[in-house]
Amino acid sequence: MKSGARHGVLRLARPGAPPRGAPVSSPPAAEIRRRFREYFEGRLGHEVVPSSPVVPHEDPTLLFTHAGMNQFKDVFLGQGTRD
């Protein structure tokens, strides 16, 4: 147990928690992305579609921060579908 100096607060460490300031191991970014896609595709029935670059090669009209939606512009404009 550690007692905090502020306002007499008593702080308890979680059982099995690493000591404060100790390095924490995280999965690689590719593993996190894989798990994220598998969750939405497998459990929720979403479809994984290829991503698009931030600066599209074939569309000079689409230069904005896109939040991952560039690949759907043709769908929004009624020029394509994602079936």
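The values are calculated or read from the model by the stated rules, or taken from the named source; none is laboratory data. These numbers were taken from a predicted model, which means no experiment stands behind them. Areas reflect the complete protein model, heavy atoms only, side chains present, ligands, DNA and RNA absent. Shrake-Rupley method; radii C 1.70, N 1.55, O 1.52, S 1.80 Å.
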| message | Let me confirm something: among Glu58, Glu47, which residue is part of a loop (DSSP other than H, G, I, E, B), open to solvent by 100 Å² or more (accessible area, probe 1.4 Å) and at pLDDT 80 or above? | response | Glu47
| request: Go through (1) on the phi < 0 side of the Ramachandran plot; (2) assigned to a loop (DSSP other than H, G, I, E, B); (3) modelled with pLDDT of 75 or more one by one and return the number of the condition Ala30 breaks. | output: (2)
